[in-house]
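Novice: Dropping the structure in here first, questions after.
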Amino acid sequence: MPEKLRRVRLGLTVGRTKTQSGQTGLVVDAVTKGSPAEQKGLAAGDLIVQVDDRPIQNAIDFYIKMMHKEVDDPIRLTYVRPNDLKSAKRSVELKLMSRPLPDGRLLSRSSSRCRSN
């Protein structure tokens, strides 16, 4: 995941490939509260069918496309909401958010307190 390789945050985890109503894509397993994905309305269970208007075949394909993105680059996701009776495609534009580096002094102090107890 780009989020584990770099200090960025998109806020969604994708899982298995699934075909539904003739659409093949990746199932969104989880959406992080307060993330760009949640702010744009993505939800667990959604089926992502395209990234930047290109079909995705599997999770590896998705993550490779994400690895080329920088903070504030637009990412256009096209998805289908499974419980939507129309199964209409929806599109959102997301941007990777940077994650600040942890404060080493603060972590050191909290670590010291834990050891002294």
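Readers should treat all values here as calculations from the given coordinates under stated rules, not as data from a laboratory. The model shown is predicted, which means the values in this text are computed figures rather than measured ones. Glycine gets a Cβ as well: all are built from the backbone with ideal geometry, and neighbour counts include every protein chain shown.
Novice: How far apart, in nanometres, would the label points at residue 89 and residue 16 be if each is projected 7 angstrom from Cα along the Cα-to-Cβ direction?
Specialist: Between residue 89 and residue 16, the label points sit 2.4 nm apart.
Novice: Taking θ = phi - 60°, what integer Hz values does the Karplus form 6.51 cos²θ - 1.76 cosθ + 1.60 yield along segment 26-32, in sequence order, with x for Gly and Pro?
Specialist: In residue order, the calculated couplings are 9, 6, 7, 7, 7, 10, 6 Hz.
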